[in-house]
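Everything below concerns the one structure shown next.
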Amino acid sequence: MLRDAFLPATLTHSREPVFRAVERPGIRYSAARWNPEALGRVVAALQEGGAALREIPAHDLLAAWGDTVATFLRTGSLERRALDPPLGRLCELSQDGLRAGLEAVLGGVRKEPAAALASRARPAPQELGPVLAVLASNLPGLAVQPLLPALLARRPVLLKSPSAEPLFAPAFLSALARREPRLAGALAAATWPGGDTHLETSVLEGVGTVLAYGEQAALDDLERRAPGKVVGYGPMTSLAVVAASADFRGAAEGLARDVALFDQRGCLSVVAVYTDGDAEALAGRLASELLDMARIWPPGPAAKPVSAAVQHVRFEAEMRGLRQFALSVREGTVIVDPRPELRPSPGLRTVRVHPLENLERLPAILAPWRGRLQGAALAGEKAWELEPRLVELGFSRCVAPGELQSPDATWHNGGIDPLEALEQER
């Protein structure tokens, strides 16, 4: 049976935590009941396991990593066959959508990009201690992104899974430790209610670095309780710029992927498109491609509040007389909006296409969003001419449409070097 925890090797026969069976429709796993003392022992065990981690040759570490990632990329593997049904339900993604999402996340940390990151990694000072990675629940498989650089920096890792999706991290760690047993003492995964100060005090005191993904309020709370230790990856948004000279058909095909992947929940999900060309023609192309995407990657079940928010956006557009396209709520929403201001998307593959007579105006329009901008899909010469100014606003990834949601292990998420955040004292 799947578990929501993976314990360091020295604790596998411990009486704590106690596991209990959890059963939901289509989901069955064992969940650990944690207390502060048990979590404190996990961190202490990881500290001891760091010595073995530092002795593993880079070649052996990369071989085990690459083989584990390759296994999780194979949908027919034993690991995926056990994990996919409950993971799809927990993440509220269709099985095809989940498959595509995992291919994007895991594809970026395959052995080749992992080796590229390893080529400039160096062991962190041993006194820095273990790393706590606080994971968000919006994307499946996110655990691999902080895990890889931490291991390359030779720092033990505790992955704190979200309660909404507690299964991927322990399954991945279990598979990785089987391939390289010397890692078994330096890896742990656990699930507990985020923000529980009673549970987390011993953990935050025992780790040297906290890599935290989530809403800004949660990151601020962690920084207050673990001052100087937190590297935060807060909420970000992404968009596209399509110049009039670009191939609209090709751009729309790529943008549909950037919108539909993860059902538009990622920080690299496109929520708006700016163009100095024919906005209605581009929007029509995008709507057609989203319709095709809904057949290839069917959307997962939508929560009622999200559906209601999309209906509100549609109603507002109708009241304003804006151009919309004949898609169902689940297939996506494409609106041509002459107002240039960037607005958040309610989700469910909802995109606003903004006509701009002069793309040079875009950096000024986006200035209020400085610090909350992540990726830009760029098509056409005039769009790419904006890249330096977009980078100044904080964009960390500028690529062609269709490539936005597939960064590799070397990507500086939020402008943060994944190794520098772990190789020095904070």
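Pairs meeting the criteria (first residue in segment 112-132 and in contact (Cβ under 8 Å) with a residue 60 or more places away in the chain and surrounded by 14 or more Cβ atoms within 10 Å (Cβ to Cβ), second residue polar (S, T, N, Q) and part of a loop (DSSP other than H, G, I, E, B), beta carbons under 6 Å, at least 6 apart or on different chains) are Leu117/Thr410. Residues that are under 20 Å from Gln47 (Cα atoms) and in contact with a helix residue (DSSP H, G or I) (Cβ under 6 Å, 6 or more places away or on another chain) within segment 213-233 comprise Ala226, Val230, listed in sequence order. Checking Gly66, Gly26 one by one, the residue that is at pLDDT 95 or above and surrounded by fewer than 20 Cβ atoms within 10 Å (Cβ to Cβ) is Gly66 and no other. Note on segment 291-388: enclosed strands (runs of 3 or more DSSP E) holding 1 or more residues that are buried (at least 20 other Cβ atoms within 10 Å of the Cβ) and without any contact (Cβ under 8 Å) to a residue 60 or more places away in the chain are 333-336. Being over 22 Å from Gly347 (Cα atoms), touching an Asp or Glu at 6+ places or on another chain (Cβ under 8 Å) and either surrounded by fewer than 16 Cβ atoms within 10 Å (Cβ to Cβ) or touching a residue at least 60 places away in the same chain (Cβ under 8 Å) (or both) is not true of Leu78.
Residue by residue, here is whether (1) of a type in the set (Ser, Thr, Tyr); (2) within 20 Å of Val203 (Cα to Cα); (3) crowded, with 22+ Cβ neighbours inside 10 Å; (4) free of Cβ contacts under 8 Å to residues at least 40 places away in the same chain holds:
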| position | (1), (2), (3), (4) |
| --- | --- |
| Ser163 | yes, yes, no, yes |
| Ala169 | no, yes, yes, no |
| Ala175 | no, no, no, no |
| Arg179 | no, no, no, no |
| Ala188 | no, yes, yes, no |
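Check segment 68-81 and report whether any residue there is among the charged types (D, E, K, R), farther than 21 Å from Gln95 by Cα and assigned by TED's automatic domain parsing to the domain that holds Pro166. Scanning segment 68-81 turns up no residue that is among the charged types (D, E, K, R), farther than 21 Å from Gln95 by Cα and assigned by TED's automatic domain parsing to the domain that holds Pro166.
The residue of segment 105-120 that is farthest from the chain's Cα centre (by Cα), among those that are closer than 22 Å to Ala175 by Cβ and not in a helix (DSSP H, G or I), is Arg110. Put simply, of Val203, Val210, Val231, Val241 the only residue that is closer than 30 Å to Leu362 by Cβ, in the same structural domain as Asp60 (by TED's automatic domain parsing) and in contact (Cβ under 8 Å) with a residue 12 or more places away in the chain is Val231. If I filter segment 208-249 down to residues being basic (Lys, Arg) and in contact with a Leu (Cβ under 9 Å, 6 or more places away or on another chain), which single residue comes out as nearest to Leu390 (Cα to Cα)? Among those residues, the one meeting the criterion is Lys229. The listed residues are Val207, Val231, and the only one of them that is at pLDDT 95 or above, over 30 Å from Glu403 (Cβ atoms) and not aromatic (Phe, Trp, Tyr) turns out to be Val207. Looking across segment 129-167, the residues that are among the polar types (S, T, N, Q) and not in a helix (DSSP H, G or I) come down to Ser137, Asn138, Ser161, Ser163.
The values are calculated or read from the model by the stated rules, or taken from the named source; none is laboratory data. Keep in mind that what you see is a predicted model, and the values were worked out from it rather than measured. Heads up, the Cβs are rebuilt from the backbone with ideal geometry, glycines too, and the neighbour counts pull from every protein chain shown.
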